[in-house]
Amino acid sequence: MVKLVLIVKKHADMSLEEFNSHWRTEHAQLVQKFGETLRIKRYVQSIRIPSPGVDHMRAERGWTGEAEASGVAELYWDSEEDMVAGMSSPAGQAAMADLACAKLGEALEVFMTTENVVIGR
């Protein structure tokens, strides 16, 4: 299994609350609609929430300024070849075009991973 990780940033004209609401509902439903076409096995949204504890940690470490990332998306496939096949088919290309039109912001980073679970409970 492989995982595509996208670190996403909301549009500047959206609040974090607006982004989270739209991403959790409308965008999630759109990805779910195209999941089979794109051969996605699992889709996880890690949604940024305000945290005084994280703010304190950032300040202690000298990490100044606003965090750019609004969230992290994780999409899983059986293999990279399976991902490419799903996205390359005519139906997959149409699905990707629909997802691009529903853009909430921009990807700050995109990369493929395999997992190395260190603690798993």
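The values are calculated or read from the model by the stated rules, or taken from the named source; none is laboratory data. Quick caveat, the model's predicted, so the values are computed rather than measured. All Cβ positions, glycine included, derive from the backbone under ideal geometry; neighbour counts span all protein chains shown. Quick note on the areas: whole protein, heavy atoms, side chains included, nothing else; ligands and nucleic acids left out. Shrake-Rupley method; radii C 1.70, N 1.55, O 1.52, S 1.80 Å.
Things to note:
- Some residue of the range 18-30 being touching a helix residue (DSSP H, G or I) at 6+ places or on another chain (Cβ under 7 Å), surrounded by 14 or more Cβ atoms within 10 Å (Cβ to Cβ), under 26 Å from G86 (Cα atoms) and not charged (D, E, K, R): yes
- Qualifying residue in the range 76-96 (condition: open to solvent by 70 Å² or more (accessible area, probe 1.4 Å), out of contact with any His (no Cβ under 6 Å at 6 or more places or on another chain) and part of a loop (DSSP other than H, G, I, E, B)): yes
- Some residue of the range 100-110 being at pLDDT 95 or above, surrounded by fewer than 11 Cβ atoms within 10 Å (Cβ to Cβ) and either within 18 Å of the chain's Cα centre (by Cα) or not in a strand (DSSP E or B) (or both): no
- Enumeration of residues in the range 42-68 that are in a loop (DSSP other than H, G, I, E, B) and surrounded by fewer than 15 Cβ atoms within 10 Å (Cβ to Cβ): I49, P50, S51, R61, G62, W63, T64, G65, E66, A67, E68
- The single condition among (1) more than 19 Å from E109 (Cβ to Cβ); (2) open to solvent by less than 70 Å² (accessible area, probe 1.4 Å); (3) not in a helix (DSSP H, G or I) that R39 does not meet is (2).
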